[in-house]
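Notes for the one structure printed next.
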């Protein structure tokens with residue numbers, strides 16, 4: 001047989017026939033040493049295909065005891081073609097198992113395939129793959145595919161789908177780690193460290209590193225590098241990131257340092273100072289100096305970190321000699337009266353704190369110049385006239401601190417101000433911190449001195465990384481049993497040991513009172529509410545999240561009536577609520593979350609409105625979270641206008657039994673009729689109720705006239721004299737109602753959303769939800785404009801801005817959802833403006849819309865939108881006919 005095997009194609013032909021077990025072993029052994037099948041090619045594809053489709057299913061029973069056969073099979077599959085073929089076949093059998101749960105043969109094959117994949121992905125797999133195409137001209141393309149498979153999450157996605165399909169409360173399997181994104185990132189971090197010893201381009205590894213950083217578990221990924229064994233590697237990798245990637249990298253580094261070292265206050269000042277110095281040294285080595293001070297903008301703009309992390313950032317600034325420049329820039333913002341009035345108080349507190357932290361790093365001569373400058377004196381005056389008591393006090397603290405450093409000036413004292421001495425004594429602690437950068441070799445000594453035994457243990461694990469499937473530094477695969485029972489509990493050579501299953505009943509039956517879950521009371525203060533949301537690790541985390549979310553709206557509404565606690569923490573709380581996820585599967589999660597978000601919009605509109613408007617476009621949020629922020633702004637505006645009260649304590653009402661279809665059918669065709677995948681629970685249904693009310697009020701007369709035009713001869717409706725008199729009295733009755741949203745709708749709701757529209761249309765993905773997002777955005781703007789009528793002074797400006805936005809979606813109104821929002825916005829503009837104003841300002845737009853509807857409204861397939869288009873067309877026609885002569889002259893003038 002050996003004499004007949006001259007090429008890979010000959011081997012494939014033999015395997016396609018009816019080879020014996022001995023023939024299969026000889027051919028597989030020969031192919032495992034053939035380097036030509038390591039690269040993607042038609043021949044390698046045929047080998048992997050026939051190996052997975054025929055050889056393994058037919059021969060694994062008879063050959064599973066052969067260690068050499070298993071080793072040779074894994075050698076062939078440890079290639080780009082082999083991994084790609086495994087993933088494709090696993091996806092196919094996953095679909096079969098999901099469609100046919102009782103197909104045991106498909107389930108067994110799927111278990112075999114994922115087991116093989118788990119054993120094929122071993123230590124040094126990235127190095128092995130790179131060596132295969134090192135000299136290939138397609139090296140760049142092949143490396144991008146490797147990056148997508150591992151760091152892009154394709155392997156995890158396929159493995160997770162397979163695990164969900166075959167998992168029937170079974171014991172943990174050896175391959176389960178490939179379905180866990182966190183464990184995969186641990187593996188990839190170690191792989192990148194091993195790649196440092198190979199001749200692999202740092203540019204390649206840099207792209208791989210950035211892709212892994214965005215996988216979803218940045219702290220777990222960075223943990224593999226931010227230690228004494230991986231720090232040199234991350235320094236090298238970070239140099240190959242572009243400007244945008246370096247900004248995101250800086251955010252990830254800051255968040256890692258915050259969560260790992262500074263989340264819990266340390267009572268020992270010396271220990272905290274060591275941590276700050278070590279963190280500053282990390283920033284010096286990983287984040288380069290830039291003229292725009294992007295890291296400072298990250299700290300100030302995104303408000304990442306607490307005082308200890310800001311100390312590290314200030315130390316980084318001082319190391320580069322930028323303390324005077326940064327102080328000047330911050331002092332300009334600190335002194336600006338517009339900033340004092342409009343910027344969030346928490347952000348101004350951070351600015352003042354950074355200024356205080358910079359003072360010990362500044363020279364006396366520079367301090368004297370600042371103290372005598374007009375900018376500084378004006379800033380102190382503006383701070384003393386601030387409305388917020390807290391801003392006044394912190395402004396006085398900074399002024400006293402600068403005055404004490406300026407020995408040539410007049411002594412400044414505010415001791416006669418009630419309560420100032422206590423505030424200053426606490427704030428003045430900032431002035432004692434003058435941290436410095438340390439030697440790189442001392443970073444981890446400083447950290448380790450303050451770390452727990454658990455952290456030290458994890459560091460030692462990284463130092464002695466077990467090499468999965470290796471022997472004396474050389475790659476050698478552990479033989480795999482290809483049967484379905486190969487996932488036994490006896491497998492102990494895996495790098496990722498399965499966790500022991502913990503019995504939940506142990507804590508309940510324990511006599512130790514410290515192990516019983518503590519009773520969680522509803523939070524009283526906003527700061528307690530935020531701490532409840534941040535809780536993730538304790539035994540009571542689930543209960544705290546539930547209690548916090550259930551009571552959030554009540555606490556927010558109660559705290560809004562007195563004090564400045566809610567205002568000071570509103571941005572942080574708004575950010576938490578907008579991004580919180582239902583990790584604990586809480587009941588009524590969406591409803592309680594929406595209640596809290598609307599309550600924030602009602603109580604702190606000047607902060608939450610611009611915050612959510614910016615987050616919807618630029619924030620790292622899912623589509624559902626963006627929809628909820630839009631709904632919160634729109635529903636809050638309606639509530640403040642007094643036209644539609646938001647019911648905080650009322651859950652979704654149950655439907656009558658006669659309107660409920662059988663279970664499953666009802667959920668598919670009724671509950672999610674308007675929006676797929678349960679999006680209707682995110683506040684969209686309540687917004688649609690308001691939209692339908694607006695549409696009904698605006699189209700009442702046109703619909704009546706349209707009906708009469710169709711019927712031609714309406715019947716005579718006789719009404720008694722008494723009913724006519726009551727209707728006349730009701731029409732003449734003047735109702736005075738205060739509109740609380742009129743003064744703030746434009747500045748805090750409408751214009752921030754409108755300003756981000758163009759960026760928003762670029763950021764949303766054009767998939768099945770793109771129309772829902774764009775339509776809901778337009779509807780929200782229309783609701784805000786309608787809610788501000790008639791008291792707002794900037795209705796005309798908002799109308800002009802909304803018409804400008806509508807002009808950008810004219811080409812997309814073929815979609816029923818966008819068409820409805822487009823027509824609703826047109827109706828609102830017509831309703832909230834006087835007829836003369838509409839004709840004088842929007843005549844061209846009305847004519848263009850009328851011409852479009854004349855040509856296209858009959859082609860609209862959605863019946864409700866079709867009827868609405870007819871009503872809008874009639875309304876515009878009536879408006880234009882009343883001013884036909886004037887419009888004709890203007891239109892001819894525009895044409896000429």
- Query: Using a ≥ b ≥ c from the Cα gyration tensor of the range 19-142 (square roots of the eigenvalues), is it rounded, prolate or oblate, where a/c under 1.5 gives rounded and otherwise the larger of a/b and b/c decides, a/b for prolate?
  - Reply: oblate
- Item | Centroid-to-centroid separation of the range 361-394 and the range 166-244 [C-alpha atoms, Å] | 47
- Query: Which residues in the range 846-862 have a backbone N closer than 14 Å to a point placed 7 Å from the Cα of residue 881 along the Cα-to-Cβ line?
  - Reply: none
- Shape call for the range 110-202, from the Cα gyration tensor axes a ≥ b ≥ c (a/c under 1.5 means rounded, otherwise prolate when a/b beats b/c, else oblate), comes out prolate
- Return the FRET efficiency for the residue pair residue 164, residue 442: r is the Cβ-Cβ distance, R0 is 51 Å, and the value is rounded to the nearest 0.05. 0.60
- Item | Pairwise Cα inverse-distance average, inverted: Kirkwood Rh of the range 259-432 (Å) | 16.8
- Query: If one computes the Cα centroid of the range 79-142 and of the range 7-23, what distance in Å separates the two points?
  - Reply: 22
- Message: Taking a ≥ b ≥ c as the square roots of the Cα gyration tensor eigenvalues, with a/c under 1.5 meaning rounded and otherwise prolate when a/b beats b/c, else oblate, which class fits the range 542-623?
- Response: oblate
- Message: Between residue 263 and residue 336, what's the calculated FRET efficiency when r is the beta-carbon distance and R0 is 30 Å? Round to 0.05.
- Response: 0.35
- Spin-label model distance (nm) - residue 366 vs residue 66, 7 Å beyond Cα toward Cβ: 7.5
- Measure off 7 Å from each Cα along the Cα-to-Cβ vector at residue 199 and residue 127, then give the distance between these two points in nanometres to one decimal. 1.4
- Obtain the nm distance between the two label points defined at residue 404 and residue 105 by a simple spin-label model: each point lies 7 Å from its Cα along the Cα-to-C-beta direction. 8.4
- Residue-span extension gain [residue 585 to residue 758] - 0.36 nm each, minus C-alpha spacing: 58.7 nm
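Just so you know, all these numbers are worked out from the coordinates, no wet-lab data involved. What you see is a predicted model, and the numbers here were worked out from it, not measured in a lab. All Cβ positions, glycine included, derive from the backbone under ideal geometry; neighbour counts span all protein chains shown.
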